[in-house]
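Undergrad: Here it is: the structure, laid out below.
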Amino acid sequence: MGLLNKLFGNKKKVRKRKGNPDVYDMPNENERMNWAMEKSRLTLHYFKECVKTPKDGQQYFSIKARIEDNEKTEHIWLMEPDFDNESNIYGIVGNEPIDVKNVTIDEKIGISFDYVSDWMIIENGRLIGGYTIRAIRDVLTGSELENFDKNLGGMSIDEGEDYFLANFETPEGAILSLEEAYDNDDLETAINCKDFNKEAEFMLKKTVQIEIDKELINKTAEVLKLSFMQNMNEHGMPKFKGIKRAFKRQKISDEHYIITETCYYPDGGKSSERHNTFKIENEWKVLGLVE
């Protein structure tokens, strides 16, 4: 397990469990794992919809829960998940716990939204969700990757698809809101998804040597806005219907994220773009592309 030890310290990261798949540990403070768990909660609405009304080919549903037992914590997959009217989640403990003793295998338990750490669906043999699984797998190579995949029981893992809501509560949601406006040829809404003043400020700080004041920012923002409108009117808006999308975050500050969006097209092609996003008055907005 050399690679895992290099990345996450010297603590043993794989634990054998008789009759069950091996347990791969990653520290909760690891940025990759934290993002995986956050993404699972931000996209839980899709899992809930599919549990209620399964799509064609969906044959397996499971949700991962954070179980606390005094000072010990363990993340455990729950089988046969369901939701009540208050969005509490219920499921059957699917593996023998290792660290906690307050739940047992085959026991039905309930958790709240805050204790969700992942969800997964198997659809036509393909993994949907499974963000912590992907976070672990992404750092494995060679025999480690081969052994990990063997434990998946034939389930295939591709690049994945994310299911953020199109709103201004997340950077990804702001990008999806912009692309939804493109699909609807709605220029006014597309403009509302952006912030040309912040985009102008970023551009000026990067390109000019003179003092930047509010007036210069406002004038530059107006040029950027007019240029955007002209481009949309002359060339038409790009279309995203039928395109699968996955996102990766790069945190610059609490208010500034660079989001890499990868688009997977029906013909098998793909493309990636890096978006500057910024939180302004508690809403995320899309700025220009990162060159």
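Any read-out appearing in this document is the output of simple, stated calculations on the displayed coordinates, not a laboratory observation. As the structure is a prediction and not an experimental result, all values here were calculated from the model. So basically every Cβ, Gly included, is an ideal-geometry build from the backbone, and we count neighbours across all protein chains shown.
Undergrad: Two-decimal Rg/Rh of the range 82-173 from alpha-carbon positions, Kirkwood Rh?
TA: Rounded to two decimals, Rg over Rh is 1.01.
Undergrad: With θ set to phi - 60° and the Karplus curve 6.51 cos²θ - 1.76 cosθ + 1.60, what are the ³J(HN,Hα) couplings of the range 149-161 in order, to the nearest whole Hz, using x for Gly and Pro?
TA: Each residue of the range 149-161 in turn: 5, 4, 5, 7, x, x, 5, 9, 10, 9, 5, x, 8 Hz.
Undergrad: Could you give the C-alpha radius of gyration of the range 56-129 expressed as a fraction of 2.2 N^0.38 Å, taking N as the number of residues it contains?
TA: 1.12
Undergrad: If you don't mind, there's one more thing I want to ask. Would you mind getting me the FRET efficiency between SER271 and GLU96? Use the beta-carbon distance for r and R0 = 51 Å, nearest 0.05.
TA: Details: r = 44 Å, r/R0 = 0.87.
With a Förster radius of 51 Å, E is 0.70.
Undergrad: Determine the sum of side-chain charges near ILE243: Lys and Arg each +1, Asp and Glu each -1, restricted to other residues whose C-beta is under 14 angstrom from that of ILE243. Could the numbers behind the result be given before it?
TA: Numbers: positive: LYS239, LYS241, LYS244, ARG245, LYS270; negative: GLU159, GLU161, ASP162, GLU179, GLU180, ASP183, GLU261, ASP267, GLU273.
Net charge in that neighbourhood comes out at -4.
Undergrad: Does anyone have the angle between helix 214-235 and the longest principal axis of the chain? Alpha-carbon axes, 0 to 90°, nearest 10?
TA: On a 0 to 90 degree scale, this one is about 80.
Undergrad: Quick check: net charge around ARG41, other residues with Cβ under 10 Å of its Cβ, Lys/Arg +1 and Asp/Glu -1?
TA: Working: positive: LYS39; negative: GLU38, ASP114, ASP118.
That works out to -2.
Undergrad: Give, as a single signed number, the net charge of other residues whose beta carbon lies under 13 Å from the beta carbon of GLY268, with Lys and Arg counted +1 and Asp and Glu -1.
TA: After counting each charged neighbour, the total is -1.
Undergrad: Additional query: Please compute P(r) over all alpha-carbon pairs of the range 114-261, binned at 5 Å starting from zero, and give each bin as a whole-number percent.
TA: 2, 7, 12, 14, 16, 14, 10, 8, 7, 5, 3, 1, 0
Undergrad: Give me the one-decimal nm value for the distance between modelled label points at ASN218 and ASN233, 7 Å along each residue's Cα-to-Cβ direction.
TA: The modelled label-to-label distance comes out at 2.3 nm.
Undergrad: Another question about this same structure. How far is helix 171-183 tilted, in degrees, relative to the longest principal axis of the Cα atoms in the chain, given as a value from 0 to 90 rounded to the nearest 10?
TA: Approximately 60 degrees, to the nearest 10.
Undergrad: Roughly what would the spin-label model give for THR53 and ILE109, points 7 Å off Cα along C-beta, in nm?
TA: Taking the two extended label points, one gets 3.2 nm.
Undergrad: Suppose we take every Cα in the range 201-291 and form the convex hull; what volume per residue is that in Å³?
TA: 138
Undergrad: Tell me which trypsin sites (Lys or Arg not before Pro) from the range 54-121 have a DSSP coil assignment and no more than 12 other beta carbons within 10 Å of their own.
TA: LYS55, LYS101
Undergrad: I've got another one for you. So, in nm, how far is label VAL208 from label ARG126 when the simple model puts each one 7 Å beyond its Cα toward the Cβ?
TA: Each label point is offset 7 Å from its Cα along the Cβ direction, giving 4.8 nm.
Undergrad: Counting pairwise Cα distances across the chain, what percent come out greater than 28 angstrom?
TA: Here the tail beyond 28 Å accounts for 47 percent of pairs.
Undergrad: Just to confirm the filter: which GluC sites (Glu not before Pro) across the range 144-236 are DSSP coil and have at most 12 other Cβ within 10 angstrom of their Cβ?
TA: Loop-located and lightly packed - GLU159, GLU211.
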